[in-house]
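The structure under discussion appears below in the form of structure tokens.
The values are calculated or read from the model by the stated rules, or taken from the named source; none is laboratory data. Quick caveat, the model's predicted, so the values are computed rather than measured. Quick reminder, even Gly has a Cβ in these numbers, built from the backbone with ideal geometry, and neighbours come from all protein chains shown. Note: areas computed on protein heavy atoms with side chains; ligands, DNA, RNA excluded. Shrake-Rupley method; radii C 1.70, N 1.55, O 1.52, S 1.80 Å.
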Amino acid sequence: MSERDGREWWQDGIIYQIYPRSFADGNGDGIGDLRGIVERLDYLRDLGVDGLWLSPINPSPMHDFGYDVSDYRDIAAEFGTFEDFRTLLAEAHARGIRIVLDLVLNHTSHEHLWFQESRTARDSPKRDWYIWHDGHNGQPPNNWCASFGGKAWEWDEATSQYYLHSFLPQQPDVNWRSPELKAAMWDVVRYWLDMGVDGFRLDVVNWFLKDAELRDNPTKWLGARPYDRQRHLYDRDRPETVEVMKELRQVVDAYPARMTVGEVYREPPGSPALAASYYARGEGLHLAFNFAFLYCKWKASAFADRVDEWEELLGPDCWPVYTLNNHDQPRSYSRYGVGGESDPRARVAAAMLFTLRGTPFIYYGEEIGMRDGTLKKAELHDPVGKRYWPFHPGRDPERTPMQWDDAPHAGFTTGTPWLPVNDDFREVNVWRQDRDPDSLLHWYRALIRLRRREPALHRGAYRRLPDTDAALFTYSREWEHDRIVVLLNFDRMPHEAHVPAGSTWEVCLGTRQRAGDTLPGGPVRLAAYEVLIVKTRRGAGA
Ligand code: GLC
Ligand code: CA
């Protein structure tokens, strides 16, 4: 479905991440599922999204809630049947919505048949599909740590060797240096492409290859946990991994209009340079997440500088991607929530997200301003939270059920939800915001509509405008004769901004000014947290 001019749907469109467990429960067992998603497709179409990224839906013992896959070619029973998946695919496509699956290819579940076979004997044909090694004097092969805590090596009595797990012991890392393993993974990719899936989000791609000699990581003094006190030179971020991405690109590009977006995870402050390397100048992943926005302080220049950096790293030929939320990080509404200002801040952030050059990814509930849930220890499910409570609540707070209406359990389920619903659901829900033209939901819809309508916004060139006022982020987007200027005030005080002189500007959308009104170029006073998006056509006189 490539456009005539070489544009792809995933460049012009926006993508909505669903955490299937928490989105909508179709059968009342308290766990979100595929039927639930199908029932909400009209809502997603009306919101204006072009694609859905589903967090993993494959069978899994759920030690890491699907990020531990025991069968890459089936659907987890708690999410539905294969028939349900085909229905979802067809119903989504009928509404012009693409489906992007989450592929977890750095590790499998310990219950995957490949691992079961691999662990039976040192000479098992699948032994080298995983990373096995002898210990040293009764100790693990090297000093690597698991990112979820503890050592990265697990002793396996049956064959008296250790296996590597970068995350939980129930998530053994596969060996991407094995040609058979790699071929098996590419078959998995083709299996879903043949079925008509439109793309993949690839889990922790920067972990795929490890140092061939398994060298110790150098250590450092600062850091809360042993994992944080290592420099991860050898257990991840290996430059060789990019070659694997190039192979993946070949597999995917054999099918028209498909895409890949990689998770290139880095702890704060993130690493846009590392993420950029995974594009391999257009020969690697189509897109890679750069976590910089998820770690930005609420400051205009913090965001503006990260955009400039990302634009420069990618250049005009690679396509950026921006996101403020996902299932692993505190929600932006809470991160940027101070007193009564979380709502105006959410509007500024959304206006930025939908008007930058690049594909915006949003996370379910972001559009209604869902907050992180406040959960008690006994209510936690995420192994990270259970391990580090009370220092780290884990990732359950950002995974609480979608708030649909003010019925019991927010309309998410008729049963008992697997995670408690946030207690603000009677005020914060889709039903209520749908009826309120001033709601955040209507603001998201308006921004998405505007982005879709204006080629300058979904494909135009980006240029930061010189603004001496540190509270403002202002930039232009240009396409053919159109020029759009976006003015964002990140502050609770009014500030004076500048609309370029020499033309008459028409308001496209704003938090205060009415669409269709015109203004001359020159200084314009922005109220607290004001968003103003204006447009001119070249040749339109002053
Ligand atoms: C990624 C996922 C996260 C998961 C981890 C291990 O970071 O987003 O949810 O726990 O990989 O698969
Ligand atoms: Ca269910």
Given the condition of a type outside the set (A, V, I, L, M), within 29 Å of the chain's Cα centre (by Cα), more than 16 Å from ligand 2 (Cβ to nearest atom) and more than 19 Å from ASP68 (Cβ to Cβ), answer yes or no: does some residue in region 149-159 qualify?
no
Just the residues that are touching a residue at least 40 places away in the same chain (Cβ under 8 Å) and either in a loop (DSSP other than H, G, I, E, B) or in contact with a Ser or Thr (Cβ under 7 Å, 6 or more places away or on another chain) (or both), please, taken from region 398-409.
ARG399, THR400, PRO401, MET402, TRP404
Every pair of residues 6+ apart whose Cβ atoms lie under 8 Å, when the first sits in region 24-36 and is of a type in the set (Phe, Trp, Tyr) while the second is more than 16 Å from ligand 1 (Cβ to nearest atom) and not in a loop (DSSP other than H, G, I, E, B)
none
Considering VAL252, VAL321, VAL307, which residue is modelled with pLDDT of 95 or more, more than 27 Å from GLY369 (Cα to Cα) and either open to solvent by less than 40 Å² (accessible area, probe 1.4 Å) or under 20 Å from the mean Cα position of the chain (by Cα) (or both)?
VAL252
Suppose we keep only residues that are assigned to a helix (DSSP H, G or I) and closer than 22 Å to LEU287 by Cα within region 7-29. Which one would you say is nearest to ligand 1 (Cβ to nearest atom)?
TRP10
Among the listed residues ALA292, ALA276, ALA280, ALA300, which satisfies the condition of being surrounded by 15 or more Cβ atoms within 10 Å (Cβ to Cβ) and on the phi > 0 side of the Ramachandran plot?
ALA280
Looking only at region 439-452, which residues are under 14 Å from VAL534 (Cα atoms) and either not hydrophobic (A, V, I, L, M, F, W, C) or not in a helix (DSSP H, G or I) (or both)?
ARG451
For region 123-142, enumerate the residues that are among the polar types (S, T, N, Q) and either exposed (fewer than 14 other Cβ atoms within 10 Å of the Cβ) or farther than 22 Å from ASP211 by Cβ (or both).
SER124, ASN137, GLN139
Among the residues of region 97-122, count how many are assigned to a loop (DSSP other than H, G, I, E, B) and either open to solvent by 40 Å² or more (accessible area, probe 1.4 Å) or over 26 Å from TYR16 (Cα atoms) (or both).
8
Test: ASP33 is more than 13 Å from ligand 2 (Cβ to nearest atom) and either on the phi > 0 side of the Ramachandran plot or out of contact with any strand residue (DSSP E or B) (no Cβ under 8 Å at 6 or more places or on another chain) (or both)
no
For region 184-206 the number of residues that are more than 20 Å from PRO256 (Cβ to Cβ), among the β-branched types (Val, Ile, Thr) and not in a helix (DSSP H, G or I) is 1
Among all residue pairs at least 6 apart or on different chains, which show Cβ distances below 7 Å where the first residue, located in region 480-507, is on the phi > 0 side of the Ramachandran plot and the second is not acidic (Asp, Glu)?
GLY502/GLY521; GLY502/ALA542
Among the residues of region 168-186, is there at least one that is touching a Pro at 6+ places or on another chain (Cβ under 9 Å), more than 16 Å from ligand 1 (Cβ to nearest atom) and of a type in the set (A, V, I, L, M, F, W, C)?
no
Hey, does region 428-436 have a residue that's in contact (Cβ under 8 Å) with a residue 12 or more places away in the chain, in contact with a helix residue (DSSP H, G or I) (Cβ under 8 Å, 6 or more places away or on another chain) and among the charged types (D, E, K, R)?
no
Which residue out of TRP431, TRP505, TRP479 is closer than 22 Å to VAL321 by Cβ and not hydroxyl-bearing (Ser, Thr, Tyr)?
TRP479
Just the residues that are under 19 Å from PHE148 (Cα atoms), touching a residue at least 40 places away in the same chain (Cβ under 8 Å) and more than 26 Å from the chain's Cα centre (by Cα), please, taken from region 208-229.
ASP216, ASN217, THR219, PRO226
Scanning region 455-478 for residues that are outside any strand (DSSP E or B), open to solvent by 10 Å² or more (accessible area, probe 1.4 Å) and either of a type outside the set (Ser, Thr, Tyr) or touching a residue at least 60 places away in the same chain (Cβ under 8 Å) (or both) gives PRO455, HIS458, ARG459, LEU465, PRO466, ASP467, ASP469, ALA470, ALA471
Condition set more than 18 Å from ARG190 (Cα to Cα) and either β-branched (Val, Ile, Thr) or buried (at least 24 other Cβ atoms within 10 Å of the Cβ) (or both), scope region 60-87, selection nearest to ligand 2 (Cβ to nearest atom): answer is PHE79
Output the residues belonging to region 367-408 that are among the charged types (D, E, K, R), in contact with a His (Cβ under 7 Å, 6 or more places away or on another chain) and open to solvent by less than 10 Å² (accessible area, probe 1.4 Å).
ASP396, GLU398, ARG399
Exactly one condition in (1) open to solvent by 10 Å² or more (accessible area, probe 1.4 Å); (2) part of a strand (DSSP E or B) is false for LEU52; which is it?
(1)
Spot the failing condition for PHE361; the list is (1) surrounded by fewer than 20 Cβ atoms within 10 Å (Cβ to Cβ); (2) touching a residue at least 12 places away in the same chain (Cβ under 8 Å); (3) hydrophobic (A, V, I, L, M, F, W, C), and only one is missed.
(1)
